[in-house]
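The values are calculated or read from the model by the stated rules, or taken from the named source; none is laboratory data. Since this is a predicted model, take the numbers as computed values, not measurements. Glycine gets a Cβ as well: all are built from the backbone with ideal geometry, and neighbour counts include every protein chain shown.
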Amino acid sequence: MQAFTWFLILYTGSALVGLTALWYFYDRSDKRSFESSRRRKVFHCVRCGSLYSVRKEDASEGESCPDCSYNNYELSF
Ligand SMILES: [Zn+2]
């Protein structure tokens, strides 16, 4: 009976540790993917009218359009 109790404690404990590790891992990867999509800069080309975005920290000098290579500045909302 005593061995069964210890087995039960270890079994539930390891399950809890495993679930916590999984939760921590998925929470971190979720946050990382959200941050990378949030940091995109959106540009609207004034020459050909296309919308495009880049994943860049500093785009204060503008970014050239992929269709007509005209240098556009970041959209601000
Ligand atoms: Zn363009």
Scope segment 44-60; condition assigned to a loop (DSSP other than H, G, I, E, B) and either within 15 Å of the ligand (Cβ to nearest atom) or in contact with a strand residue (DSSP E or B) (Cβ under 8 Å, 6 or more places away or on another chain) (or both); matching residues: C45, V46, R47, C48, G49, S50, K56, A59, S60
On the basis of being in a strand (DSSP E or B), away from the ligand (no atom under 12 Å from the Cβ) and either within 17 Å of F77 (Cα to Cα) or modelled with pLDDT of 85 or more (or both), does K41 make the cut? yes
